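Below: one structure, written as C-alpha cells.
Just so it is clear, none of the values below were taken in a lab; they were calculated from the coordinates. None of the values given here were measured: they were computed from a predicted structure.
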Amino acid sequence: MQKASRFVMEDGKLKYLGEVKRPASFSPDPTVDHVMSNLPDTDQQQRVEGILRESGEEFARLRQEMRPRFQAIRGRTRDQIRGVLDPEQRARFEVVAEEWDRRAAERWGWRPQAPDSEKSKAP
C-alpha cells in the first residue's frame, strides 16, 4: 500500500484532509481517494483495495501484452519522420524522442527500444 494525500474543495478553497492508503499498483485518483475515505467499514475498504489491486495487476499485464505493438507503431512512425527531416532537424527530433522515452520509462517502467533505423546499423 502507498499513501496518498487527500484534498477536497471547500468554500472555493483546497483543503488538506490527510493521507489515505491505496494499492501501490493503482494510479493516483482523487475520486478513489474520496470513495475510500468514505467507507467507514474496514472490511469494505479491504475488499475495495483487493478489487483495485487485482484490476491494477490486470491493467499492468495488458500494458505488457500491448507494449510490442505500441513500440512497433512508434518505431515505424519515428523512422518515417526521420526520413522527412534534414540532419539538423533529425538531431533535434532525437532529443525530443529521448525525452518521450524517458517519460514513458518513468510512468510505465518501460525501457526505451532502439529505433529500427539504429537496429539495422548494429554489427
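The stretch between GLN46 and LEU62, if pulled fully straight at 0.36 nm per residue, gains 3.3 nm over its current Cα-Cα span.
A full extension of the chain between PHE70 and TRP100 corresponds to an added length of 9.5 nm, given 0.36 nm per residue minus the alpha carbon distance.
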